[in-house]
Amino acid sequence: MDSSPEPTHALPGLDPDPAVSKKTASKVAGRAAGYEIEDELRAAPSRSGRPVTIAGVDEVGRGAWAGPVVVCAAVTDLTPPPVLQGRGTRTVSLTDSKLLTQAHRESFADVLPGWLTGHAIGASSPEEIDEVGMTEALRRAAVRALEALPVPPDVVILDGKHDFLSRPWHVRCEVKADQRSVTVAAASVLAKVHRDRLMAGLDDEFPGYGFADSAGYPSPVHQKTLAEFGPTPQHRLSWSYLDDLPRWRHLKKHRDPLAGEGQLSLL
């Protein structure tokens, strides 16, 4: 049985240009994000007769042990993005949040909302992640962000190979889109800063886990405190890290594949 995804015919330009190979994509890694993907999408004929509205979507927190998964959807007017002043005469350009320092991410997060034509944040809680699994939780968070935009987008650019949105959204998946697309780069920065601030705010409520520094990822401090005091209400209890914690293994939640999505049990 063919398990390949059904092609999308609702809007031309959704499939990446075959001329843009993986080798070509790797060459642009690390440079300032541009509008190459957006330009290709807008060059395709629009059935509505109006310019195509494009939203860039990126997520953060997928691999964390605690906290929500957060998704940002961003829309630009295709004008040049803000540039930060670096050391001396150098400037700092917008790109993937992981390639920016924390200070630069914070600075971009302060100016991007005033430059973007629209942006919105969606999230799925640890409880929701445990209930439905990461893929569905990620889809729900993305849908919440997209539905909160001022204008529904015609096309959504996703970073990576996997379309976790699917219908009715018209999706263009691109490897390293957060480095190649200004729209996705903006979403990447805003999602990262939003989640980091949220996790830092939990540090006082749950001291010792290092949420302000690790953002819920498994840092040594986080792992040590978790082993000693166990998971908090912010931890994902269906994650496999609990298998390695004998004192707390009984708290692990399991989804029953035969009972339908969202069915949980404590085994």
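Every number here is computed from the coordinates shown, using simple stated rules; none is lab data. Since the model is a prediction, treat every value here as computed from it, not as a measurement.
Scalar couplings 3J(HN,Hα) for segment 147-154, obtained by applying the Karplus form with A = 6.51, B = -1.76, C = 1.60 to θ = phi - 60°, are 6, 8, 5, x, 10, x, x, 7 Hz; x denotes Gly and Pro. Backbone amide hydrogens, once placed in the peptide plane, bring Arg172 within less than 5 Å of Val156, Ile157, Leu158, excluding anything fewer than 5 places away on its chain. Across segment 226-240, computed HN-Hα scalar couplings (Karplus, 6.51 cos²θ - 1.76 cosθ + 1.60, θ = phi - 60°) run 4, 5, 7, 10, x, x, 9, x, 8, 8, 8, 8, 9, 6, 6 Hz from first to last residue, x flagging Gly and Pro.
The phi-based Karplus calculation (6.51 cos²θ - 1.76 cosθ + 1.60; θ = phi - 60°) puts the 3J(HN,Hα) values of segment 84-94 at 8, 7, x, 6, x, 9, 6, 10, 10, 9, 5 Hz, whole numbers, x for Gly and Pro.
In terms of distances greater than 31 angstrom between alpha carbons, the cross-link table entries Lys176/Lys252; Lys176/Lys224; Lys98/Lys224; Lys161/Lys192 yield Lys176/Lys252; Lys176/Lys224.
In this structure, the amide hydrogen of Ser181, modeled 1.01 Å from its nitrogen in the peptide plane, lies closer than 5 angstrom to those of Gly34, counting only residues at least 5 positions away or on a different chain.
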